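Engineer: One structure is given below, represented as structure tokens, and several questions about it will come after.
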Amino acid sequence: MPELNDKNDGAIFIGAGVELKGEVSVPGTASVDGKFEGVLKAKSLVVGPSGHVTGQISVDTAEVRGTVADHLVVQSNLILRSTGSITGTIAYSKVMVEEGGSLAGTIEKIARAGASAEKEHKVVPLHAGE
């Protein structure tokens, strides 16, 4: 029996044209090219250019090329690509935004997991300025 690669353990893929609603816990990577609405807990979130994620999202790392709305908590690295859009309440430890990426809502920098149990109190309200 071939050994499983840790990166693929417990992964889920929601393909383009697929809509999923509910509460999902993923020990590995959740890749979304379709639509997800609900509660999502995962080690890693990858939202493709056609992906739409809405709800209460809690992950260690996230890369967003599509749309994320409502409440997103990223314990480690958040990467917002040029085609990506995040609206709502966003909490992160580290963030990288490519030119063209869109953030709107309230953003809170949190202490990295394991570094400190306290959150840093740096809340910055953002509004789309077009």
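Engineer: Total Lys pairs in the stretch 21-126 closer than 17 Å by alpha-carbon, pairs eight or more apart in sequence or interchain only?
Structural biologist: Details: 21/35; 21/41; 43/94; 94/109; 94/119; 94/122; 109/119; 109/122.
Lysine pairs meeting the criterion: 8.
Engineer: Sticking with this structure for a sec: Give the Rg/Rh ratio for the stretch 21-126, taking Rg as the radius of gyration of the Cα atoms and Rh as the Kirkwood radius, to two decimals.
Structural biologist: 0.94
Engineer: In debye, nearest 20, what is the charge dipole magnitude of the stretch 21-126 about its Cα centre with +1 on Lys and Arg Cβ and -1 on Asp and Glu Cβ, if you could check?
Structural biologist: Computed about the Cα centre, the dipole is about 120 debye.
All of the numbers you see were taken from the coordinates with simple rules; none came from a lab. This one's a predicted model, so the numbers in the text were calculated from it and none came from an experiment. Every residue, glycine as well, gets a Cβ built from its backbone with ideal geometry; the counts of neighbours run over all protein chains shown.
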